[in-house]
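Below: one structure, written as structure tokens.
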Amino acid sequence: MRKIILAILALSLMSATPSERLAIVDIASAGPSNLNILKKLGGVSWWSEFGGSLLVSATPRGFINMERTGFVAKRLASEISAEDLRVVVGGHISMRLPGGSNVLIDEGRIRLVEGDSVAIAALDQLADARASLAGVFPVNAGSVVLQRQANHDWNQENLANDMVMLADAAGKVSRERWWGDVQKLSSWNRHIGAAGNVQARDWIKSSLAAIQGMEVTVQEFKVQGRAAWNVVGILTGERLKQESGVAAAGDRGLLIVGGHFDSTSERTASAAPGAEDNASGAAGVIELARVMADTPHSHDIIFAAFSGEEQGLYGSAAFVAELPDAEKKRVRGVVTMDMIAYSKGGSALGVLIETESVHAAFARTFSDAAAAVTKLQVSTSFNPFGSDHMSFLEAGLPAILAIDADWNRYSHYHRSTDTADKLTPELAHEILKMNAGALAILTR
Ligand SMILES: [Zn+2]
């Protein structure tokens, strides 16, 4: 409720004076190094950042200033105001937007949509439905909706001392082991209630249990009346912080690595190999467990393969609900992976990190690690939606989702044809290197 009131307040503050006009500015046109200048230009009364574009409200003077700075601004129709805009997050390309709406900025998982009052009402209603297909948010002045790392020349000095540690952990990720696990997992129909779901559960359990130092449990919960299970492994932090002079046991923090292993398809009776969604991420959990078991760490790390995600994040919600308060207090961060291996090809390998803006610094560890040890193009979204990271964010815990930038264009999404041959293992390998590097820093 509080969020809604704030959103209305923000919108009323943003009502443009008659001479103001909304426009979409191509950040690359005058170069990312001028982005901060653009945000403060005279005559630009507010802005919101969407990856490669900046939405601005500007007076005629603002437009002259933008032109002088070298920015190319595309003016929207004069009658369009912030109230006519919504941020739509997470819709697959097959999802129809309401009639009367237009996509103004398409950044894949994140779109800026304009519409008449009927279309906007329909969009808002869409977001209210439980297990809805997309998140719908108002446009707020001064908000960074999507941040392209390439548009921010952050200095990497903070990481300079950590490079050896980062590269060591990243170098331990094995694409071949991960790929073998993806093929194994996608050989089962992992629909909730299917025999393959139980077989996958048992196989994940034994895969984690085979890792030195890992203690594994199975957590049962219900999905719409049916039994379902999370598989949860924990590695205890063993490297004591000698310099602090205190015994580490009571001081150990907790990191959580998760991804769902259940899958879905057209019908419960049809096959659901779910190679991309989400054998890719579940196999990633197992691979990161192997890497971290072989990497010095002071803090405890939980590796969780969730189930019941496809029906509405049931497994991660059950996990968070059963995590005692004392354990929640120990959580230093959570990384979830959902769909990390599809690249539509012909483009750079892209990853989207999703979190809330209060956890921007936590997310930064991952994008910095990516810049240091991968060739990933990283964007960070601050309107999280629709995967297991939400269960943690809603409990106030710092959490990110790592998801490939092209997932919403994957034509086999939630179909029996989501098989391993459609994947780009190189992309998953890069994402796992990013996560391994960040985990090494976060758990040292
Ligand atoms: Zn998924």
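In table form, for the structure just shown:
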| item | result |
| --- | --- |
| Isotropically averaged projected area of segment 291-441, using the convex hull of Cα atoms (one quarter of hull area), nm² | 9.4 |
| Calculated [θ] (222 nm, deg cm²/dmol) that DSSP helices of n ≥ 4 give over the chain, each run adding -39,500 (n - 2.57) | -10000 deg cm²/dmol |
| Sum of side-chain charges, Leu208 neighbourhood, beta-carbon under 12 Å (Lys, Arg +1; Asp, Glu -1) | -1 |
| Between segment 376-403 and segment 71-109, the Cα center-to-center distance that results, in Å | 22 |
| The chain - charge dipole about Cα centre, Lys and Arg +1 at Cβ, Asp and Glu -1, debye rounded to 20 | 240 |
| Eligible lysines near Lys344 by straight Cα distance, threshold 26 Å, same-chain separation 8 or greater | Lys184, Lys375, Lys422, Lys433 |
| Centre separation in Å (Cα based) which lies between segment 164-231 and segment 412-444 | 14 |
| Segment 2-144: proportion of alpha-carbon pairs further apart than 25 angstrom, % | 27 |
| Global size of segment 196-238 as Cα Rg and Dmax, reported in angstrom | 11.9, 40 |
| Sequence of Thr59, Thr355 once ranked by neighbouring C-beta atoms within 10 Å, starting from the fewest | Thr59, Thr355 |
| Stokes-Einstein D (µm²/s) once Rh is taken as the Kirkwood radius of the chain over alpha-carbon pairs, at 37 °C in 0.692 mPa s | 145 |
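FYI, it's all coordinate maths here, none of it is from the lab. Only a predicted model underlies this, so the values are computations on that prediction, with no experimental measurement involved. Don't worry about glycine lacking a Cβ; one is built from the backbone with ideal geometry, like all the others, and counts go over all protein chains shown.
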